[in-house]
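Report on the following structure.
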Amino acid sequence: MKLLVAGLALALLGACGSDKTGSSPVMSAVGSFAKDSLAKVSPGKKAAATGAAKGGKGTDPSKRRAELEKAGKPVLRVSSKAMGLASFVKIADAKGPVLTWATPDGATFSQRNGVLIQTRGLGGDLMSATGPSVAQLMQPGQKYTRIYYFLGGDDQGVKRTYDCVTTIAGPDRIEILGRAHATTHVVETCARSGVKVKNDFWIEGSRIRQSREWVSSGIGHIEFARVVD
Amino acid sequence: MQLSSRLVAVLALGTALVSPPALAEMSGTLNLNGATGLIDMPSGDAQRDSTFSFSTTLLGPITRSTLSFQFSERLSGSFRFQTWRDWNSELPGPDKESDRSIDLRYQVLKEGKYTPALTIGLQDLTAKGLFGSEYIAATKTFGDKLKVTAGLGWGRLGSDGGIGSPFGSRPPVDPTGTPNADQWFRGEAAPFAGVEYKLNDSWTLKGEYSSDAYVVEDRRGLIERDSPFNFGVEYQRGPATRFGAYSLGGKEFALAFHIILDPKSRPTGGVTGRAPEPVKARPARAADPEAYDGGWVTQADAGSLLRKNLAKRLAVDGIAVENLSYNATTVQVRIRNGRIDAGSQAIGRTARALSHVMPASVEVFEIVPVVNGVGVSKVTIRRSDLEALEYTADNSTLLRERVTIGEAGPVPDYALGDENLYPKFRWGLRPVVRLGEPIKGDIGLRLSAAYDLAPGLVLSGSIYKEIASNRDPGTSKSPLPHVRTDSGRYNEFGDPALERLTLAWFARPGENLYSRVTFGYLERMHAGVSGEVLWKPVDSPLALGVEVNYTKQRDTDGGLGFGEYDYDIVTGHVSAYYDFGNGYLGQLDVGRYLAGDVGATVSVDRVFANGWRVGAFATVTDVSPEDFGEAGFDKGVRLTIPFNWALGTDNRRAVGLTFRPGSGDGGARVNVEDRLYDPIREYHSDGLDPDWGRVWR
């Protein structure tokens, strides 16, 4: 047992050398774990640190919006309570209908016409996916398939095929950082052998203004809101 | 034989970081022997495929530490280290007796709607017989909470409540460490039974009727037993830890602690680390034909500029650019991947970086991973495929269909190398745990250094200083040359010790051929020269190798001398490696071993795409079991856990462990560093394909 304790102590001390390619993995993991739990305990703090994402207490939403709009670039709000994630993100890559948004700490989200098709840097990432068009979402009751591709824990590819259908929950007036939007709330329900996944979309005109979309079993749902066009 | 100290941390993190999704189905649970079963008895169940467990259990003065692995859906094995304290309290003997044992279990029948799961098992199938037993056990699940087991045991498991000897009497154990096949299922057979009731996802109750009389322990006054009934309760905390408390035979109390790891499931949920740079799209040719002009190749400074830009982008991912060569339409970059655990991801990152750096006229990306200075394969990706598939569903499969993985070929004549890479000095100081048993070994510090003289030519060495040890010092009585069994003396007298000091040369003598020559202090106990040639086509599951070594045995003081042993020998092997698919690798080595014995080693490993590796090996040579010692012949289990699996971060290091039920001088090979097969296979199609999906990571 003594050996184990001494070993653990040594492991935490980490290693040193000229080879910078493999820093101290234990320390970095402990660091990120601590960071995660901190974020979980107090999402408000994290939000403040990453730029008062939710436009939370103490910050005037319209003032925050003005700041964001000043840059003249599109801004997306990405948030997940479970992950302690709350960030205003910018476009890192635009290729036709696909926009890729990047957080400052190195995670990306790719959306095709506003529907999430990829994530990177989250851990249990969505590697690729097919997604419905906005027109498809607006056709309630019409069935379509959606395929998600992940990497399993053993790094082998995993394919999940879902049968999906949407329902229109009704008109919904939502507020995003001090600005009101008249949207239609569409609920997409996707099922696969007893497993159900639910995605919510708030569609304004012909584009998705806000959504709450499933990423993977490990990550759960993430909320997206287009703050600045 | 080494465990970096981080295993402990890995295991600790493994248990701490796992979020607890409940186990949906009722997979088998572990018993006090660290094997699938009830309390002390086995069951007909199996663990889920590829489950790896580490168990420590206490029963009075008996401690059992067991590693178990579900090698396939039906086959599982265990390696156990067992100690009995107070062994001499009533009968003469050492104060502490210890025994190592290997089990194998095979599930003959899986559970059906009406039929039970049926397992045949051999417990302690080779050792001196303190624990030897065989069984057939059947287990049936009723509903989703109750399991009932009944079975028949022989040997130790037939020692209480016997019903006669259906297959004849059990001959005395032949204490040579060879499989005791003549004993199996012989002698008195006794029935055992038990129930397991799952209260909820966390708590389970167990009760059993045991057929183990604990004869040896009872005679020595170690264990008291009034009844054959055992009862207990188990608590599962998340998927990775399980605790048990039991009452045995009415008089004894036992505790169990299990760490259960699934190589197929990452504690961190997935690979972490920064998202990749998006692929840079070229302008459409029709819109901007000038961008596709190849005239840039004539610019004098183009090459060094491109190489510098590429190196800068790839340094973020720990990838070094060995050299770069190009023409107007094709670029070949040779990379050294220093950090990313998956070769496919390193290739993907390189391709993305090339899309940013190379002018639009370059359509073909040739990426050559370099290991030990030599190219091991050439991955050819069309830039337009990369651009087209980046956001397409199932892009990894689609890209793989369009990519070719071929022979690396020679370095192009016009390649631009990097003057910063050769010569280059590297060093490192790392804490190390070296384990000989599951919980025995030493911890210390290793100072290692390497000097890369030229591609493929490296001078390197390491020094080890012990900090603490709980090894039992032993003296070798082996009648063979003490090529391995003096390890106690090497540990005692050689502290600190120069472990290695070698000059190694790696080359490509021809297509599909790889070579290595290592000269110097090859390992702790032997020094000399070692040469190896490997034939491994990029897309072949078969590889063949030849190795020849001439070595002299080193002094035990860890210095440079050879005065203590007057022993030198030529050893060598012919090896065949075969990838059976689905991660099962086999290897056969035939040749002459260090003690001058001649024979063969068979090994089988299960390799996971994420780097986990669990395997077993056995060596049979012309050394008699008596001369070899207690274990009879060299055999053992080995395991590799990559840091990346536990931590998710980019890291190529791993924890490697080898456990043997007993060591001897027969069947020993020189432990030379950087044998060719494994690092080369990593970048061949059989190594890249299983986790090819990470090319887009």
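Only strands (runs of 3 or more DSSP E) whose full extent lies in segment B:366-439 are considered here, and the ones with at least 2 residues that are within 11 Å of chain A (Cβ to nearest Cβ) are B:424-437.
Determine whether segment B:619-627 contains at least one residue that is touching a His at 6+ places or on another chain (Cβ under 9 Å), buried (at least 21 other Cβ atoms within 10 Å of the Cβ) and part of a strand (DSSP E or B). Looking for residues that are touching a His at 6+ places or on another chain (Cβ under 9 Å), buried (at least 21 other Cβ atoms within 10 Å of the Cβ) and part of a strand (DSSP E or B), one finds none in segment B:619-627, hence no.
Going by the structure shown, is residue B:268 polar (S, T, N, Q) and within 22 Å of residue B:338 (Cβ to Cβ)? Please lay out each step first, then the result.
Values: polar (S, T, N, Q): yes; within 22 Å of residue B:338 (Cβ to Cβ): yes.
It is true that residue B:268 is polar (S, T, N, Q) and within 22 Å of residue B:338 (Cβ to Cβ).
Contact map, segment A:159-176: first residue in contact (Cβ under 8 Å) with a residue 12 or more places away in the chain and surrounded by 14 or more Cβ atoms within 10 Å (Cβ to Cβ), second residue small (Gly, Ala, Ser) and in a strand (DSSP E or B), Cβ cut-off under 8 Å, separation 6 or more or different chains; pairs are A:162/A:191; A:164/A:191; A:174/A:180; A:176/A:225. For segment B:149-184, the set of residues classified as touching a Leu at 6+ places or on another chain (Cβ under 9 Å), surrounded by 20 or more Cβ atoms within 10 Å (Cβ to Cβ) and part of a loop (DSSP other than H, G, I, E, B) consists of B:180 only.
In segment A:177-197, how many are of a type outside the set (A, V, I, L, M, F, W, C) and in contact (Cβ under 8 Å) with a residue 24 or more places away in the chain? Selection size over segment A:177-197: 8. Of all the criteria given as (1) in a strand (DSSP E or B); (2) buried (at least 17 other Cβ atoms within 10 Å of the Cβ); (3) assigned by TED's automatic domain parsing to the domain that holds residue B:517, the one not satisfied by residue B:468 is (2).
What about residue B:631, is it touching a residue at least 40 places away in the same chain (Cβ under 8 Å), assigned by TED's automatic domain parsing to the domain that holds residue B:516, farther than 17 Å from residue B:179 by Cβ and part of a loop (DSSP other than H, G, I, E, B)? Here the answer is no, as residue B:631 does not meet what is asked.
Tally time: how many residues in segment B:408-423 are exposed (fewer than 15 other Cβ atoms within 10 Å of the Cβ) and under 34 Å from the mean Cα position of the chain (by Cα)?
First pass over segment B:408-423, keeping only residues exposed (fewer than 15 other Cβ atoms within 10 Å of the Cβ): B:409-410, B:413-414, B:419-420, B:423.
Then keep just the ones that are under 34 Å from the mean Cα position of the chain (by Cα); that gives B:409-410, B:423.
Summing the residues that are exposed (fewer than 15 other Cβ atoms within 10 Å of the Cβ) and under 34 Å from the mean Cα position of the chain (by Cα) in segment B:408-423 gives 3.
Of the numbered criteria (1) at pLDDT below 95; (2) farther than 21 Å from residue B:99 by Cα; (3) of a type in the set (D, E, K, R); (4) touching a Gly at 6+ places or on another chain (Cβ under 8 Å), the one residue B:145 fails is (4). Taking strands (runs of 3 or more DSSP E) as the structural unit, no element lying wholly within segment B:489-589 holds at least 2 residues that are outside the structural domain of residue B:443 (by TED's automatic domain parsing) and within 26 Å of the chain's Cα centre (by Cα).
Here's the yes/no breakdown for (1) small (Gly, Ala, Ser); (2) surrounded by fewer than 18 Cβ atoms within 10 Å (Cβ to Cβ); (3) under 34 Å from the mean Cα position of the chain (by Cα):
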position: B:233; (1), (2), (3): no, yes, yes
position: B:239; (1), (2), (3): no, no, yes
position: B:271; (1), (2), (3): no, no, yes
position: B:276; (1), (2), (3): no, no, yes
position: B:282; (1), (2), (3): no, no, no
position: B:289; (1), (2), (3): no, yes, no
position: B:310; (1), (2), (3): no, no, no
position: B:317; (1), (2), (3): no, no, yes
position: B:324; (1), (2), (3): no, no, no
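Evaluated against (1) within 14 Å of another protein chain (Cβ to nearest Cβ); (2) touching a helix residue (DSSP H, G or I) at 6+ places or on another chain (Cβ under 9 Å), residue B:633 falls short on exactly one condition, (1). Looking across segment A:186-198, the residues that are surrounded by 14 or more Cβ atoms within 10 Å (Cβ to Cβ) and either closer than 14 Å to residue A:140 by Cα or small (Gly, Ala, Ser) (or both) come down to A:186, A:187, A:188, A:189, A:190.
Comparison of B:596, B:611 shows that the only residue that is assigned to a loop (DSSP other than H, G, I, E, B), within 14 Å of chain A (Cβ to nearest Cβ) and surrounded by 18 or more Cβ atoms within 10 Å (Cβ to Cβ) is B:611. Within the span defined as segment B:641-656, one or more residues are away from chain A (no Cβ under 14 Å) and not β-branched (Val, Ile, Thr).
Mind counting the residues in segment B:502-516 that are farther than 17 Å from residue B:575 by Cα and touching a strand residue (DSSP E or B) at 6+ places or on another chain (Cβ under 6 Å)?
At the first step, the residues of segment B:502-516 found to be farther than 17 Å from residue B:575 by Cα are B:502-511.
Checking which are touching a strand residue (DSSP E or B) at 6+ places or on another chain (Cβ under 6 Å) leaves us with B:502-509.
Residues meeting the conditions: 8.
Residue B:128 meets the conditions (1) part of a strand (DSSP E or B); (2) in contact with a Pro (Cβ under 6 Å, 6 or more places away or on another chain) in every case but one. The failed one is (1). Against the criterion of being without any contact (Cβ under 8 Å) to a residue 24 or more places away in the chain and surrounded by fewer than 24 Cβ atoms within 10 Å (Cβ to Cβ), residue B:674 does not qualify. Is it the case that some residue within segment B:195-211 is closer than 26 Å to residue B:87 by Cβ and either out of contact with any His (no Cβ under 7 Å at 6 or more places or on another chain) or of a type in the set (Gly, Ala, Ser) (or both)? Taking every residue of segment B:195-211 in turn, at least one turns out to be closer than 26 Å to residue B:87 by Cβ and either out of contact with any His (no Cβ under 7 Å at 6 or more places or on another chain) or of a type in the set (Gly, Ala, Ser) (or both).
Here's a check for you: in segment A:151-184, which residue that is facing chain B (nearest Cβ under 8 Å) and assigned to a strand (DSSP E or B) is nearest to residue A:119 (Cα to Cα)?
Taking segment A:151-184 and keeping what is facing chain B (nearest Cβ under 8 Å), we get A:151-157, A:159.
Then keep just the ones that are assigned to a strand (DSSP E or B); that gives A:151, A:157, A:159.
Working: A:151: 12, A:157: 15, A:159: 15 Å.
Per the criteria, the residue is A:151.
For segment A:129-138, does any single residue satisfy the condition of being in a strand (DSSP E or B) and surrounded by fewer than 22 Cβ atoms within 10 Å (Cβ to Cβ)? No, every residue in segment A:129-138 fails to be in a strand (DSSP E or B) and surrounded by fewer than 22 Cβ atoms within 10 Å (Cβ to Cβ).
The values are calculated or read from the model by the stated rules, or taken from the named source; none is laboratory data. Here the structure is a predicted model, which is why all the values come from computation and not from measurement. Because the Cβ atoms are built from the backbone with ideal geometry, glycine has one as well, and the counts that use them run over all protein chains shown.
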